[in-house]
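The values are calculated or read from the model by the stated rules, or taken from the named source; none is laboratory data. The structure displayed is predicted, hence computed values, not measured ones. Heads up, the Cβs are rebuilt from the backbone with ideal geometry, glycines too, and the neighbour counts pull from every protein chain shown. Quick note on the areas: whole protein, heavy atoms, side chains included, nothing else; ligands and nucleic acids left out. Shrake-Rupley method; radii C 1.70, N 1.55, O 1.52, S 1.80 Å.
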Amino acid sequence: MRIDVISVLPELMESPFQASILKRAVEKGLAEVHFHQLRNWSIGKHRQIDDEPYGGGAGMVMMIEPIDKCISELKAQREYDEIIYLTPDGETLTQKIANTLSLKKNLIFLCGHYKGIDQRVRELHITKEISIGDYVLTGGELAACVLADSIIRLLPGVLNDEQSALTDSFQDNLLAPPIYTRPSDYKGLKVPDVLLSGNLKNIEDWQYDEAVRITLEKRPDILN
Ligand code: 6GU
């Protein structure tokens, strides 16, 4: 998979891809992430990328021309499956969306800044708008990192068996059951007997029941 990220602050996004699982995914060639500084497509002698909104109001608007030039240049090089604009008014990211996007080959992420982008960019290029939740960030960059992480960890070969994505919370509309490791008794705080029993069937039943109990308690809205 290849992800091209367009932003006025690409520096903000480098470190998540330079550590741990995402770093290894990039090193193994399973994911390619390319950052593009939008200012390289700025226009006029003032190297402009934003301007005042028509109709007035506070804040600046990201101009259509630099974004169009940048996206058009990328589109001329390869076919993109989705061109995603990260914006608080987009569709809220879910595991289902991450699963779907993980099957794609080439993606563009456009990070919004200031008051947002000229509406005509959306009409011209954007195929999907994604938000990471109902709160406002200073820009789309951190959201782009969250989206990239949720997708890249699903690519075949990125996680090993122990980290398997199949047992994640949300993957089957259930939160994950409680987990424990040694010691089995810490200052009287004991690990449930069933997990020490060695009886796989009983363990799996217990884990499923606990997952249902916890989901009902914490997130009844995701149970189907
Ligand atoms: Cl994608 N962008 C911004 N600026 N704020 C957000 C967001 C995105 N998702 C949630 N809040």
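Using a 1.4 Å probe over the heavy atoms of the protein chains, calculate the carbon and sulfur portion of the accessible area of the chain as a whole percent. The partial results should precede the final answer.
On the way: 6940 of 13320 Å².
After summing per-atom areas, the C and S share lands at 52 percent.
Counting heavy atoms of the protein chains only and a 1.4 Å probe, report the per residue accessible area for the chain as a whole number of Å².
Working: 13320 Å² over 224 residues.
Result: 59 Å² of accessible area for each residue.
How much length is gained if the chain between Thr127 and Ala19 is pulled fully straight, taking 0.36 nm per residue apart and subtracting their Cα-Cα distance, in nm to one decimal?
Working: separation 108, 0.36 × 108 = 38.88 nm, distance 3.02 nm.
Full-extension gain reported as 35.9 nm.
Restricting to segment 2-152, compute how many DSSP beta bridges are antiparallel as a %, nearest 5.
In segment 2-152, approximately 10 percent of DSSP beta bridges are antiparallel ones.
Residues Arg78, Arg24, Arg120, Arg182, sorted by accessible area with the largest first, give Arg182, Arg120, Arg24, Arg78 [1.4 Å probe; ligands and nucleic acids excluded]. For the modelled label position 7 Å from the Cα of Tyr208 along Cα-to-Cβ, which residues of segment 152-179 have backbone nitrogen atoms closer than 20 Å? The answer is 165-179, whose backbone nitrogens lie closer than 20 Å to the label point. Ordering 39-45, 8-14 by mean Cβ neighbour count within 10 Å, with the highest value first, yields 8-14, 39-45. Of the chymotrypsin sites (Phe, Trp or Tyr not before Pro) found in segment 98-170, those in coil by DSSP whose Cβ has at most 13 other Cβ atoms within 10 Å are Tyr135.
Mind checking the full-extension length gain between Ser72 and Gln171? Use 0.36 nm per residue of separation minus the Cα-Cα distance, one decimal, nm. Walk me through the numbers before you get to the answer.
Numbers: separation 99, 0.36 × 99 = 35.64 nm, distance 3.54 nm.
That works out to 32.1 nm of additional length.
A Förster radius of 41 Å, combined with the Cβ-Cβ distance separating Lys115 from Lys218, puts the computed FRET efficiency at roughly 0.70. Spin-label pair Ser164-Val26: with each label point 7 Å from Cα along the Cα-Cβ axis, the two points sit 2.9 nm from one another. Extension gain, Asp89 to His34: 0.36 nm times the residue separation minus the Cα-Cα distance gives 17.3 nm.
Once the Cα gyration tensor of segment 1-67 is found, what semi-axes does its equivalent ellipsoid get, as square roots of 5 times the eigenvalues, in whole Å, sorted largest first?
Details: eigenvalues 209, 30, 18 Å².
So the three semi-axes of segment 1-67 are 32, 12, 10 Å.
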